[in-house]
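Throughout, read-outs are computed from the coordinates displayed, never taken from laboratory work. Since we're looking at a predicted model, the values are computed, not measured. Here Cβ is always computed from backbone atoms with ideal geometry, including for glycine, and neighbour counts include all displayed protein chains.
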Amino acid sequence: MPTFKKIAAILNPAAPHMVGDGFRVHNFFPSGYKIKMDPFYLLDYNAKIEFSPTNKLRGVGVHPHRGFETVTIAYQGAVAHHDSAGNSGVIYPGDVQWMTAASGILHKEYHEENFSKKGGTFQMVQLWVNLPAKYKMSTPKYQALANNNIAKHKLPNNGGLIEVIAGEYLGTKGSASTFTPIELYTLKLKTGTKVILTSPANYNTALVVIEGSISVNDTEQAATNQMVHFTNDGSEIAIEAKEDSVVLFLSGEPINEPIAQYGPFLMNKPEELQQAIEDYNTGKFGYLEE
Amino acid sequence: MLEKFQSYLKERLSITDEQAKEATSCLKSKTFKKGTVLLNPGDLRSENYFINEGLLRYFSIDEKGKEHILQFAPENWMISDRNSSVFNEPSIFFIDAIENTEVLIVPSHFFVDIQKLLPHILELNIMMLHNSIRFMQKRINMLLSATAEERYLDFIKLYPNLTLRVPQWMIASYLGITPESLSRVRKDLAKKHFK
């Protein structure tokens, strides 16, 4: 008999900080809160914010990554990006960019030109998904998931839909391929819609209320911009939308390997970090024009 | 707060934990937000900064408004303006915080004051001074004679992680080359080493 995952905490967003001049993010983990979220290493939440029109593109310049994947989910606004493997594109609302940095990549991310010129509302999530040791030095790859390519599960009675970015929801398979088992969905729920989400008890699990407000497991309420973090009991979560709501659900099987992190590198051992720094400095990550 | 400076002393002098603790007990730390200017031309400062956390920069600005970086001071480095701290003359340089920074304020008279407690501290101070001169000699030679690539390769040996912490133009300023030359150097290295 499945039981509800217990709610460990309902977390308010931590104080924001700027990443470059284009992203004003609240870090939920690892610095905002020390919570168990392996295989997810980091979640930066750019809560809704208005950017004024500008001709100068705001963003983050060329920087490296090694040892993990960055997953960028756009809710409002548009981000253009380029990487040293020659990939480039724009992430519009509803799109997801799943970049496997693995052995090393350089990239840069800026507000898309038209968005910058017009200004407007901006809201995004960036996740760092760790890789198991055996894949950390694999070849980088890149999955550009435009919204129309993301699998959608329609909820009955026009209750909304679930965009299955990764994993599987009631037979609808996620669009992204992952290295370890991960469930990652955006739920777009109409007022009053109830859904049950399932993931094994040992998966580390949280959800973020992007819009609206919800009740969780019929007991607790979570409002816009709050994160609900779950314990490792039970396998089901009941969500009811108290108003039209958008919710990000993330749940993954822990990798349970040692972690050594410095800046944009996420490895297992300190000496691998030294190596990453040296490789970056000496051009082994390739080159990308500023 | 004091632990890093205590370790710094312990690594360089054969002293006990207790001696290190006693010697540093009078020192105070201070935090500066990113962007804070700690020293301006014309200021008099009788103190050294030992960096616990963060990053300081020692630089000048020329008549055209161009910045010239003489030194970066990341964790475990000590930085001071000798003109004012030793010769009591107004500084001609700036120090500012490139990151949120916590420093330990080490007064210039500290090394004299704690002699009784740490008899070898003056020798250490002299060694640090010689080291600083050696560093300057090498730096002058690099600026006079080395190619942009040689300067960059020397820089990443000295400050391996600063390439991840400071913008390119600051590294270029430190190396005495244009940001475009630095880009070229990095591009050439990538051509050689990227597989």
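Name the long-range amide H neighbours of A:GLU243: under 5 Å, sequence gap of 5 or more, or other chain; modelled H, no Pro or chain starts.
A:GLY192, A:SER213
In terms of modelled amide H atoms, which long-range or inter-chain residues lie less than 5 Å from the amide H of A:ASN27?
A:ALA14, A:HIS17, A:TYR45
Would you please give the FRET efficiency between A:LYS269 and B:GLU11, computed as 1/(1 + (r/R0)^6) with r the Cβ-Cβ distance and R0 = 25 Å, to the nearest 0.05?
0.60
Using Cβ counts within 10 Å as a stand-in for footprinting exposure, how do B:PHE194, B:PHE155 rank, fewest first?
With the sparsest Cβ surroundings first, the list reads B:PHE194, B:PHE155.
Using only the Cα atoms of segment B:3-119, construct the convex hull and provide its projected area averaged over every direction, in square nanometres to one decimal.
Projected area, direction-averaged: 7.3 nm².
Pop out the ³J(HN,Hα) list for segment B:189-195 in order, Karplus 6.51 cos²θ - 1.76 cosθ + 1.60 with θ = phi - 60°, rounded to Hz; leave Gly and Pro as x.
Working through the residues one at a time gives 4, 4, 4, 6, 10, 7, 10 Hz.
Kirkwood Rh over alpha-carbon pairs of segment A:121-183, then Stokes-Einstein at 4 °C and 1.567 mPa s: what D in µm² s⁻¹, rounded to an integer?
This corresponds to a translational diffusion coefficient of 94 µm²/s.
Which aspartates and glutamates, if any, have their Cα less than 12 Å from the Cα of B:LYS187, not counting same-chain residues under 8 positions apart?
Those aspartates and glutamates meeting the cut-off are A:GLU289, A:GLU290, B:GLU149.
In whole Å, what are the Cα extents of chain B along the three principal axes, biggest one first?
Cα spread of chain B along its principal axes, largest to smallest: 55, 41, 31 Å.
Taking θ = phi - 60°, what integer Hz values does the Karplus form 6.51 cos²θ - 1.76 cosθ + 1.60 yield along segment B:129-135, in sequence order, with x for Gly and Pro?
Once rounded to whole Hz, the list reads 5, 4, 4, 5, 5, 4, 4.
By count of other Cβ within 10 Å, fewest leading, how are B:SER7, A:SER199 ordered?
The most exposed by this proxy come first: B:SER7, A:SER199.
Provide, for segment B:3-119, the number of lysine pairs with alpha carbons under 16 Å apart, each pair being eight or more places apart or on different chains.
5
Quick check: Cα centre of segment A:188-220 to Cα centre of segment A:233-290, how many Å?
Value for the Cα centre distance between the two parts: 23 Å.
Under 20 Å from the Cα of B:LYS138, which lysines turn up, not counting those fewer than eight places away in the same chain?
Excluding near neighbours in sequence, the set is B:LYS157.
List the residues, sorted by chain then number, that are 5 or more residues from A:GLN221 or on another chain and whose placed amide H is less than 5 Å from its amide H.
A:VAL216
Given segment A:19-134, what count of lysine pairs have C-alpha atoms under 20 Å apart, with each pair 8 or more places apart or on different chains?
For segment A:19-134, the number of qualifying lysine pairs is 6.
What does the protein assembly as shown give for Rg and for Dmax, in Å, if only its C-alpha atoms count?
Just the Cα atoms of the protein assembly as shown yield Rg and Dmax of 26.1, 84 Å.
Using the Karplus equation 6.51 cos²θ - 1.76 cosθ + 1.60 (θ = phi - 60°), what ³J(HN,Hα) coupling, rounded to whole Hz, does each residue of segment A:98-107 give in order, writing x for Gly and Pro?
Using θ = phi - 60°, the values come out as 10, 9, 8, 5, 6, 5, x, 8, 10, 8 Hz.
Quick one, can you get me the convex hull of the C-alpha atoms of chain A expressed as volume per residue in Å³?
That works out to 125 Å³ per residue.
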